[in-house]
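The values are calculated or read from the model by the stated rules, or taken from the named source; none is laboratory data. Computed from a prediction, not measured in an experiment: that's the story for all the values here. All Cβ positions, even for glycine, are placed from backbone atoms using ideal geometry, and neighbour counts span all protein chains on display. Heavy atoms of the whole protein, side chains included, go into the accessibility calculation; ligands, DNA and RNA do not. Shrake-Rupley method; radii C 1.70, N 1.55, O 1.52, S 1.80 Å.
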Amino acid sequence: VPATRVELTVSCRQLLDRDTFSKSDPICVLYTQRPGSHQWREFGRTEVIDNSLNPDFLHKFVLDYCFEERQNLRFDLYDVDSKSPDLSKHDFLGQAFCTLGEIVGSAGSRLEKPLTGIPGKKCGTIILLAEELGNCRDVATLQFCANKLDKKDFFGKSDPFMVFYRSNEDGTFTICHKTEVVRNTLNPIWAAFAIPVRALCNGDHDRAIKVEVYDWDRDGSHDFIGEFITSYRELARGQSHFNVYEVVNPRKKMKKKKYQNSGTVTLLSFAVEAEHTFLDYIRGGTQLNFTVAIDFTASNGNPSQPTSLHYLSPFQLNAYSLALRAVGDIIQDYDSDKMFPALGFGAKVPPDGHVSHEFPLNGDASNPACHGIAGVLEAYQRSLRHVQLYGPTNFAPVVNHVARSAATVLDGSQYFVLLIITDGVISDMAQTKEAIVNAAKLPMSIIIVGVGQAEFDAMVELDGDDIRISSRGKVAERDIVQFVPFRDYMMGGPGAGLSMAGLAREVLAEIPDQLLSYMKARGIKPPP
């Protein structure tokens, strides 16, 4: 039972400047440790803020706060120099260690620490702010425009954007939203944006919301135009004379007697609806359909040799069986008929020995479904004795196989999950990307578990967490792939069961959000 959810906001002051011609472009990466483990695992990354040594990151980290556990955190800062997700390609700016309890327990739940890690250099400070998230599930959609803003650019008009802050108990402000920049106008109309009510006011409708209006500048030194204060209760009145705000620059107001304002901002529309959760859809009857695809290519090693990833030992399960069990045991609870189609790819199959990239493990092409995870394991072991491991490693056929099923049920009553277990050496990268970009429009997710010791660079690229996957210039509309290297969980010996729970948790972590992103994009509401 996750206890309280806590949202962390990260800011830094006086970071090192690593760029010659401009300021650093910082990103913050958070690492956490599992209970009982000393291994640091990446939890998430903020956005990159260009040209700033004093960044206030907008991306929040939401953590489950467990009073009874020591939750170690490590924050690493980098100066981003390219689009590569590989951190070793960027300049390290320093790091800080603390526990979640330390932040929560500080005055006002605000902890300031020096950044360290570069000998002989002052790396600046990191400021961590924790706020407990209320359980309000409403999402507000707002749209604003502005009129007659001050002209800040010497050539051309201003390039305005707005920054929203919610106030904290102690009177300080925390950033919660940035609009896009509208170029070269003093009368911008910003796009509508959706934001959880929690983020705007954390459930307190009278809490002040401060909005600052800026003129965007390429070098990061954005010019302040002015600000106004409102509250959720005010905004919820919708478009009316109450929601026209004077944008005021306090410095100008003090200097000039005749100063009135630096323009006005008007709320064009306001709507609020409850955010549906994964469980709302499951309760409403959405079924998860689970398909397994197993890599039978020769790079796995000869199954009769103990070094092979497919070796069937009488004493213990191999990596393929372990991964299948760990994930399957959890997913089967959400699948009412407990029938799982199971496919193999990359082997020569009887009777004529042709290479197949989607053969049924149970030998029945008209119905490749096996009963329960036990049935899948049995069919897998039987297949190993009948087929010849071969190649190449093509993912696209099994992705398209599941996509064909998913394309027949678009109404949200079913959601398809494909589990691919592979040693990670992929031959049809371009076709697989194409298949994934097409599948991103369908009610499906893909989980890839990498077994063995290979470099899984291609799998990380397919995962699309850092850079959304694209094919022939088309970007996938949702992130539907989750990749997990199995070796991170191999804790041989008596503790192996413990790491299997960890593997399942990691593998399934993104499914609820991926299902929600499909339902939301299609406007499908859960049945009452």
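How do the peptides 23-29, 199-205 rank, highest first, by the average count of neighbouring beta carbon atoms within 10 Å per residue? Provide the component values of the computation, followed by the final result.
Numbers: 23-29: 22.4, 199-205: 19.0.
Order by mean packing, descending: 23-29, 199-205.
Using the alpha-carbon atoms, what tilt in degrees (0 to 90, nearest 10) does helix 429-439 show relative to the longest principal axis of the chain?
Helix 429-439 and the main axis of the chain meet at about 70 degrees.
Rounded, prolate or oblate, given the Cα gyration tensor of segment 279-522, with a/c below 1.5 counting as rounded? Could you put the intermediate results ahead of the total?
Numbers: a/c = 1.40, a/b = 1.31, b/c = 1.07.
Verdict is rounded for segment 279-522.
Sort 37-44, 509-516, 342-349 by packing, meaning the average of other beta carbons within 10 Å per residue, with the highest value first.
Working: 37-44: 12.6, 509-516: 17.0, 342-349: 23.6.
Ranking the peptides 37-44, 509-516, 342-349 by packing returns 342-349, 509-516, 37-44.
Is segment 343-472 best put as rounded, prolate or oblate by its Cα gyration tensor, with a ≥ b ≥ c the root eigenvalues, rounded for a/c under 1.5, and otherwise prolate when a/b is larger than b/c, oblate when not? Can you show the working numbers first?
Working: a/c = 1.78, a/b = 1.24, b/c = 1.43.
Oblate.
Using a cut-off of 14 Å between beta-carbons, work out the net charge of the residues near A298 (Lys and Arg +1, Asp and Glu -1, A298 not included). Don't skip to the answer; put the middle values down first.
Details: positive: K348; negative: D295, D423.
My count for the surroundings of A298 gives -1.
For the Cα atoms of the chain, what angle does the longest principal axis make with the long axis of helix 372-386, in degrees from 0 to 90, nearest 10?
The angle comes out near 50 degrees.
Within the set of other residues whose C-beta is less than 9 Å from the C-beta of G344, count the net charge using Lys and Arg as +1 and Asp and Glu as -1.
Numbers: positive: none; negative: D295, E358.
Neighbour charge sum, excluding G344 itself: -2.
Calculate, in nm to one decimal, what N367 and V272 gain on full extension: separation in residues at 0.36 nm each, minus their alpha carbon distance. Intermediate results must be reported in sequence, preceding the final value.
Numbers: separation 95, 0.36 × 95 = 34.20 nm, distance 4.57 nm.
Answer, rounded to one decimal: 29.6 nm.
In deg cm²/dmol and to the nearest 500, what is the mean residue ellipticity at 222 nm of the chain if only DSSP H runs of at least 4 residues count, each as -39500 (n - 2.57), divided by the residue total?
Here the helix-only value at 222 nm equals -6000 deg cm²/dmol.
Quick one: putting +1 on the C-beta of Lys and Arg, -1 on the C-beta of Asp and Glu, what dipole do you get for segment 378-493 around its Cα centre, in Debye to the nearest 20? Could the numbers behind the result be given before it?
Values: 10 positive and 14 negative charges, 88 e Å.
Rounded to the nearest 20 debye, it is 420 debye.
Sort out for me the Cα centre separation of segment 353-426 from segment 508-527, rounded to whole Å.
Centre-to-centre distance over Cα atoms comes out at 24 Å.
For segment 4-133, with every protein chain kept in place, what is the accessible area per residue (1.4 Å probe, Å²)?
Working: 6490 Å² over 130 residues.
Per-residue value: 50 Å².
Would you work out what percent of the accessible area of the chain, with all protein chains in place, is carbon or sulfur (probe 1.4 Å)? Show your work: numbers first, answer last.
Working: 13470 of 25390 Å².
Whole-percent figure for carbon plus sulfur exposure: 53.
Can you work out the accessible area per residue across segment 419-528, with the rest of the protein chains kept in place, probe 1.4 Å, in square angstrom? Mind dumping the intermediate values first?
On the way: 4790 Å² over 110 residues.
For segment 419-528, the per-residue accessible area is 44 Å².
Roll a 1.4 Å probe over the protein chains and send me the accessible area per residue for segment 170-268 in Å². Present the calculation step by step, with values, prior to reporting the outcome.
Details: 5340 Å² over 99 residues.
Computed with neighbouring chains in place, this is 54 Å² per residue.
Which entries in the list K151/K178; K83/K348; K23/K178 go over 31 Å, if you measure between the two C-alpha atoms of each? Show your work: numbers first, answer last.
Details: K151/K178 20 Å; K83/K348 40 Å; K23/K178 21 Å.
Too far apart for the 31 Å limit: K83/K348.
Kindly identify segment 107-242 as rounded, prolate or oblate by the Cα gyration tensor criterion: order the square roots of the eigenvalues as a ≥ b ≥ c, call it rounded if a/c is under 1.5, otherwise compare a/b with b/c, prolate if a/b is larger, else oblate. Don't skip to the end; give the middle numbers.
Details: a/c = 2.45, a/b = 1.13, b/c = 2.17.
Oblate shape, in that a/c is at least 1.5 and b/c is the bigger or equal ratio.
At 7 Å along the Cα-to-beta-carbon direction for both C66 and T172, put a label point, then send me their distance in nm to one decimal.
2.8
How many angstrom lie between the C-alpha centres of segment 58-99 and segment 304-344?
Cα centroid to Cα centroid, the span is 34 Å.
Mind checking which of V29, T125, C12 is farthest towards the positive end of segment 4-133's charge dipole, using Cβ charges of +1 (Lys, Arg) and -1 (Asp, Glu) about the Cα centre?
Toward the positive end, the furthest listed residue is T125.
Lys/Arg Cβ at +1, Asp/Glu Cβ at -1, dipole of the chain taken about the Cα centre: which of L77, T264, G328 is farthest positive-ward?
T264
Could you derive backbone 3J(HN,Hα) for segment 99-107 from the dihedral phi with the Karplus parameters 6.51, -1.76 and 1.60 (θ = phi - 60°), listing whole Hz in sequence and x where the residue is Gly or Pro?
In residue order, the calculated couplings are 10, 4, x, 5, 5, 4, x, 6, 4 Hz.
Which net charge results when you count Lys and Arg as +1 and Asp and Glu as -1 among the other residues whose beta-carbon is under 12 Å from that of R34?
Working: positive: R41, R70, R505; negative: E69, D488, E506.
So the surrounding residues net to 0.
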